[in-house]
1. Which residues in the range 134-151 place their backbone N less than 19 Å from a point set 7 Å from the Cα of residue 263 along the Cα-to-Cβ direction?
2. Report the gain in length on full extension from residue 230 to residue 218: 0.36 nm times residue separation, minus Cα-Cα distance, nm rounded to one decimal.
3. Would you kindly state how much longer the chain becomes between residue 174 and residue 207 on full extension, computed as 0.36 nm times their sequence separation minus their alpha carbon distance, in nm to one decimal?
4. Rounded, prolate or oblate, given the Cα gyration tensor of the range 151-264, with a/c below 1.5 counting as rounded?
5. Which value, in debye to the nearest 20, describes the size of the charge dipole of the range 138-283 about its Cα centre when Lys and Arg Cβ atoms bear +1, Asp and Glu Cβ atoms bear -1, and nothing else is charged?
6. Modelled label-to-label distance, residue 253 and residue 138, 7 Å Cα→beta-carbon offset: nm?
Amino acid sequence: MNFLEERIIKDGIVKEGNVLKVDSFLNHQMDIALFDQIGKEFKRRFAKEKINKIVLSIIIALICVVLIATILVQFKTVEETDITAIETMREAELRTSLSEWKSKYNEASEQLEETNNRIFEYEQKANDEQETKNLVESELKQTNMILGKTNVKGSGVIVTVEDGESEVQASYLVDLVNELKYAGAEAISINGSRIINTSEIAEINNSYIIVNGAKRIASPYEVKAIGDQTYLTSILSLKDSGFIDKYTSGGLIVRLEQKREVQIPKYDGEMKFNYAYEKEEKE
């Protein structure tokens, strides 16, 4: 069957692994003319032979062998081709998936780094803000203490002034407050009223004394001061010029006590400036 060999050589395709594909004429596409030639060739070769069941069986077997062999070869070719295609497809998919995963990983890594940077910035900002907040709160607390807007306590003295042979006048209390300030008193109160820079001590109609504009006070007058006990005492006790010596000789009753803890309430009045305003500093 030289014609079959020639047809295989002409139209057969050899794939990877020396796999022969004859799809175009024996498997997927059946070439009827070729099968007719094969039939004629079998007839020529067995024309002189007496055809019986044995010979017929052999011919049929040979034809089946050729067809089966062709089919098996084609099946193997298709199988290997399909497996190769599948493997190629899987490899391509794996490469694509790997590439996508790598891209997502890089993107996630970048986002993670960016997030960490933002967290660091937020932490730094929070720390800075907390430090600023603490500083502002400390400054505000200190300012409020100076302004008399907070309750305070500390070591100091209590000076009690009472009417004696003479009555206590508002000016006497003003002298006492000024002397305590001069001695370094950090907080002062008279009969429970906090004395601040804008406080006034006034006598109304020579009959009673008011503090901080409205609160009426009367003898005995208890003046509390927080500061250095020793220095406060020494200033108040100066001979002739100190408050105690000066006003006891004038007929008042004055007592001085040193205390390890003196409590002074906050200023409960209104603090308002109607005419004063902040002056801007020139650069």
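1. 145, 148-151
2. Difference between extended and current length: 1.5 nm.
3. The residue 174-residue 207 span can extend by a further 10.2 nm.
4. oblate
5. 420 debye
6. Calculated label separation equals 4.8 nm.
Values in this text are rule-based calculations from the coordinates and carry no lab data. Quantities reported herein were computed from a predicted structural model and do not represent experimental measurements. In this analysis, Cβ positions are derived from the backbone assuming ideal geometry, glycine residues included, and neighbour counts consider all displayed protein chains.
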